[in-house]
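Below is one structure; the comments refer to it alone.
The values are calculated or read from the model by the stated rules, or taken from the named source; none is laboratory data. Remember, predicted model here, so these are calculated numbers, not experimental data. Please note: Cβ atoms are built from the backbone with ideal geometry, for glycine as well, and neighbour counts cover all protein chains shown. Side chains included, ligands, DNA and RNA excluded: accessible areas come from the protein's heavy atoms. Shrake-Rupley method; radii C 1.70, N 1.55, O 1.52, S 1.80 Å.
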Amino acid sequence: MKYSKEEVIQYVREEDVKFIRLAFCDVFGKQKNISIMPQELSRAFEYGIAIDASAIAGFGDESHSDLFLHPESDTLAPLPWRPEHGSVVRMFCHITYPDGKIFECDTRSILKNAIEKANSSGYQFFFGAEQEFYLFKLDDNGNPTKEPYDNAAYMDIAPEDKGENIRREVCLTLEQMGIQPESSHHEEGPGQNEIDLRYSDPLSAADNAMTFQTVVKTIAHRNGLCADFGPKPLENKPGNGFHINISVKSFYDKSFYDKSFYDFDHMNCLIAGILDKVADMTVFLNSTESSYRRFGSDKAPKYISWSGENRSQLVRIPAAMGKYRRLELRSPDPSANTYLVFALIIYAMLDGIENKRKPPAPVDINLYQADADTLASFKQLPGDLKSARAKAANSDFIKKHIPDPILDAYCNK
């Protein structure tokens with residue numbers, strides 16, 4: 001349910017809410033929050049709540065350190081794991097300077113701008129997130145280990161799959177927060193799990209992806225475990241992917257008015273736009289050193305290619321019918337800032353549409369089993385973080401859409 005400011009104030013009063021968490025993230029996608037009391041809610045809506053930006057990664061130094069969080073009422077959600085009496089709710093915020101100007105490193109606002117650009121161009125995009133994570137045991141002091149919670153394999157069931165009840169609790173918690181899971185299962189790695197979220201508009205999908213990681217980590221900890229979303233938690237085992245499913249509707253034809261019809265005419269342009277820009281934006285899709293140890297094995301792509309249903313490709317078209325037909329980008333990992341990732345994907349796809357780009361021929365072979373001569377004909381994703389940083393730093397596409405302070409934070413650390 002989407003609440004107005006007045007409805008939020010009424011909800012807080014009637015539901016005995018004692019703490020309101022104002023949530024945002026740093027430039028690398030790590031969620032932050034500040035809790036305020038109910039009597040401060042009206043002030044938060046009218047003026048914002050001040051924070052010290054110099055203590056947030058990528059937000060600047062002490063010379064101009066005051067920023068303001070402005071809660072967005074339509075993102076209100078309860079935190080079901082907090083006490084029923086004296087409960088806690090959360091709202092996502094946009095961030096401004098003291099004069100009211102939007103803070104350029106507010107990555108949620110960067111995604112909003114991309115969505116507005118898409119709408120003004122006549123297109124509405126939809127995103128669905130699939131995130132993988134490992135469950136590890138804690139040691140006697142409550143610190144994470146690298147000992148997997150189980151040794152089950154892909155889509156195994158209990159008792160081999162010990163994560164079944166964790167995934168169930170996560171899905172039920174997400175539903176209480178207004179987020180719709182689609183499916184969940186054990187993944188290929190020991191202790192590795194996946195939960196897929198239903199597609200939605202890009203901003204809601206990004207908010208949901210961030211909320212998802214918080215819920216998984218919270219539920220895991222409550223059960224004496226650690227949830228690890230790192231790209232490559234275990235050497236010689238599958239990495240964690242963040243597969244992004246994308247579809248589009250056009251305002252210029254019946255697809256916008258007919259909910260059962262999605263715009264497949266532009267699918268090739270979307271694919272071409274992503275393939276053309278993916279190397280430039282890889283540092284934002286894969287932001288850590290370990291991200292690049294994932295590429296090229298266990299269904300994680302290495303080459304810039306596409307195909308239908310082929311999980312060795314960077315982009316694939318999953319087997320689906322009707323409104324569920326979509327493209328899937330397989331290179332990102334869960335360490336990424338989802339707001340930046342979705343924004344860049346939107347701009348890349350718009351570039352593909354506006355320039356009527358055409359993708360190369362689909363690659364209907366298993367790239368993990370191809371010989372060296374065959375592989376030599378394909379362009380590759382950047383092979384390490386240094387190469388990805390250099391590619392982004394020299395990209396006109398990235399410079400156009402990513403503010404200089406964020407680009408500096410990613411490329412000059």
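Estimated at the nearest 10 Å², the accessible area of Asp298 is 80 Å² with a 1.4 Å probe. When the chain is treated as a Gaussian network with alpha carbon springs shorter than 10 Å, the biggest mean-square fluctuation among Ser312, Ser42, Ser204 belongs to Ser42.
Scanning residues 5 or more positions from Lys232 or on other chains, those with amide H under 5 Å from its amide H are Asn240, with H placed 1.01 Å from N in the peptide plane. Among the protein heavy atoms, those of Thr374 account for about 50 Å² of accessible surface (1.4 Å probe, every chain in place). Computed over the Cα atoms of the chain, the ratio of the radius of gyration to the Kirkwood radius (Rg/Rh) comes to 0.96. The residues Leu285, Leu138, sorted by heavy-atom accessible surface at 1.4 Å with ligands and nucleic acids left out, run Leu138, Leu285 from largest to smallest.
Normalising by residue count, the stretch 121-163 has a Cα convex hull of 135 Å³ per residue. Karplus-derived 3J(HN,Hα) values for the stretch 209-214, using 6.51 cos²θ - 1.76 cosθ + 1.60 with θ = phi - 60°, are 5, 5, 4, 4, 4, 4 Hz; glycine and proline are entered as x. The base-10 log of I(q)/I(0) for the stretch 23-131, evaluated at q = 0.20, 0.23 Å⁻¹, reads -1.17, -1.33 [Debye formula, identical scatterers on Cα atoms, solvent excluded]. Under 19 Å of direct C-alpha separation, and excluding same-chain neighbours fewer than eight residues apart, Lys400 reaches these aspartates and glutamates: Glu104, Asp106, Glu116, Asp276, Asp280, Asp351, Glu354, Asp408.
For the chain, with all protein chains in place and a probe radius of 1.4 Å, 47% of the accessible heavy-atom surface sits on carbon or sulfur.
Looking only at GluC sites (Glu not before Pro) in DSSP loops with at most 16 other Cβ atoms within 10 Å, what is the longest site-free stretch of the chain? The reported range is 310-413. Of Ile304, Ile102, the order by accessible heavy-atom surface (1.4 Å probe, DNA, RNA and ligands excluded), from most exposed downward, is Ile102, Ile304.
Distance between the C-alpha centres of the stretch 184-221 and the stretch 359-392: 28 Å, rounded to the whole angstrom.
Taking Lys and Arg as +1 and Asp and Glu as -1, the other residues whose beta-carbon sits under 10 Å from that of Ile398 total +2. Just to be sure I understand the curve: with the Debye formula and one point per C-alpha of the stretch 103-194, what is log10 I(q)/I(0) at q = 0.20 Å⁻¹? Computed log10 I(q)/I(0) values: -0.96. In order along the stretch 397-409, the Karplus-derived 3J(HN,Hα) couplings, from 6.51 cos²θ - 1.76 cosθ + 1.60 at θ = phi - 60°, round to 4, 5, 4, 6, 10, 10, x, 3, x, 6, 4, 5, 5 Hz, and Gly and Pro are given as x. In this structure, the pairs whose alpha-carbon distance is over 22 Å, taken from Lys137/Lys299; Lys162/Lys237; Lys146/Lys237; Lys117/Lys277; Lys358/Lys379, are Lys137/Lys299. Distance from the C-alpha centroid of the stretch 36-103 to that of the stretch 280-340: 32 Å, rounded to the whole angstrom.
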